[in-house]
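First the structure, in the form of structure tokens, and then the observations on it.
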Amino acid sequence: MKYLQDIGSYFLMIKKVFGSFTKTSVLKHLIFKEINDLIISSLGIVAFISFFVGGVVAIQTALNMDNPLIPKSLIGFATRQSVILEFAPTFISIIMAGKVGSFITSSIGSMRVTEQIDALEVMGINSLNYLVFPKIVALMFYPFVIVISMFLGILGGWVAGVYGGFSSSTAFISGLQDSFIPYQLFYAFFKTFVFAFILATVPSWQGYYMKGGALEVGRASTNSFVWTSVLIISANYIITQLLLS
């Protein structure tokens with residue numbers, strides 16, 4: 001029964017977010033702040049992980065190619081497919097659920113504990129629109145993070161493959177170009193937008209409706225990561241079935 005109440009409160013929150021809007025001048029400032037906090041501040045960790053995981057994918061592919069008849073271009077092909085279809089959009093989103101999701105939950109939860117949200121309501125401000133809407137808009141720029149992740153993942157695969165002696169640069173690039181289907185990019189970015197909405201709203205919901213003190217803020221951040229990750233993986237399965245099967 002509690003799960004049904006949680007689902008209901010989540011969708012009611014979404015409805016209220018798009019209810020009474022805060023002044024445009026205030027929202028503009030908040031949106032730029034959220035872009036800096038949620039997007040720009042995440043570029044470092046995303047770049048680091050993407051580069052090295054792309055390298056690992058290339059190395060593991062090369063080490064599992066025992067048959068000499070298999071062309072070396074397969075290393076580039078496997079790296080491209082792994083990075084574009086799953087690693088960049090899905091794996092990075094799970095990491096962002098920990099970094100960005102915990103940040104959103106703790107910041108809103110702290111405002112709930114210190115009664116700042118109550119103060120906003122007293123002043124006649126739609127607190128959900130004030131707090132959550134800028135985060136949703138900011139995370140609509142999340143696909144740009146995924147573009148960087150894709151590029152660095154493939155670059156990391158090229159560096160590992162070529163300088164590790166597993167493949168020539170020409171063979172790797174040939175594999176990148178082989179059997180490329182543009183629709184796969186649409187699939188990757190479509191689910192990236194879905195993941196971005198989940199990353200913005202689920203942690204906000206956890207923080208906004210939490211009860212208790214400072215201890216509960218930490219517990220809400222943990223729940224936020226768990227539920228955001230579960231929803232991202234579930235959405236990934238459903239979208240894959242709908243768009244690729």
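The values are calculated or read from the model by the stated rules, or taken from the named source; none is laboratory data. Bear in mind that the values here come from a model prediction, so they are computed numbers and not experimental data. Please note: Cβ atoms are built from the backbone with ideal geometry, for glycine as well, and neighbour counts cover all protein chains shown.
Quick one: is GLY124 modelled with pLDDT under 90, within 20 Å of the chain's Cα centre (by Cα) and not aromatic (Phe, Trp, Tyr)? Before the answer, list the steps.
Details: modelled with pLDDT under 90: yes; within 20 Å of the chain's Cα centre (by Cα): no; not aromatic (Phe, Trp, Tyr): yes.
Spelling it out, it is not the case that GLY124 is modelled with pLDDT under 90, within 20 Å of the chain's Cα centre (by Cα) and not aromatic (Phe, Trp, Tyr).
Every residue, every condition in (1) under 25 Å from THR105 (Cα atoms); (2) among the hydrophobic types (A, V, I, L, M, F, W, C), yes or no:
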site	(1), (2)
LYS2	yes, no
GLN5	yes, no
SER41	yes, no
LEU69	no, yes
SER82	no, no
PRO89	yes, no
ILE92	yes, yes
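Kindly indicate whether any position in the range 126-149 is closer than 30 Å to PHE180 by Cα and without any contact (Cβ under 8 Å) to a residue 24 or more places away in the chain.
Step one: list which residues in the range 126-149 are closer than 30 Å to PHE180 by Cα, which gives 139-149.
Right, trim to without any contact (Cβ under 8 Å) to a residue 24 or more places away in the chain and you get 147.
Yes, some residue in the range 126-149 is closer than 30 Å to PHE180 by Cα and without any contact (Cβ under 8 Å) to a residue 24 or more places away in the chain.
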